[in-house]
Amino acid sequence: SCFPCRQHHPLLIVARKYSHARVSTGYLIRGIVGDCVAFHLACLQSAGYIHAIWKKDRQRVAQIRRQSVNASEVYCKRARVFHNGSLSLCPAEWRDQGEYVAEVYDQDGLHLHQIFHLELKSKSEHAIHVR
């Protein structure tokens, strides 16, 4: 199987030190290598049935279908998809930078197609900018 890692998670997003800004082709997520980053799908707070697929560079990162979460081997220990379809990566790694696409389906088919772009900094770069 391409997605050997099955996980069940509570609806709790543990993300810190990231900012979220709207850009022309989606949302820009800024994070710090080693910290958690989150990609929020706020419009799906009360979804009943949900099937969400997350992709990076056209490769599947993770998906949730009903209560079952599958993550690709690269993201297996770090990716979490929550009951509303949101994704978190913890801890973020340099190779995580890039474009992510969320495709969310409900009973009627495609419900949402959302694009995110993740930019990361090192902890030392972040410390210089915070001072």
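What follows draws every value from the coordinates through simple rules; no lab data is involved. In this text, all values refer to a predicted model and were calculated from it rather than measured experimentally. With ideal geometry, Cβ positions are generated from the backbone for all residues, glycine too; neighbour counts draw on all protein chains shown.
Packing around the peptides 86-96, 109-119, taken as the average count of other Cβ atoms within 10 Å per residue, puts them in this order, highest first: 86-96, 109-119.
Summary of packing: across the peptides 56-66, 31-41, the per-residue average of other C-beta atoms within 10 Å ranks them, highest first, as 31-41, 56-66.
Around F116, with a cut-off of 10 angstrom between Cβ atoms, what is the net charge of the other residues, counting Lys and Arg +1 and Asp and Glu -1?
Summing Lys/Arg as +1 and Asp/Glu as -1 gives 0.
Note on Q97 and Q59: the extension gain reaches 12.3 nm, defined as 0.36 nm multiplied by sequence separation minus the Cα-Cα distance.
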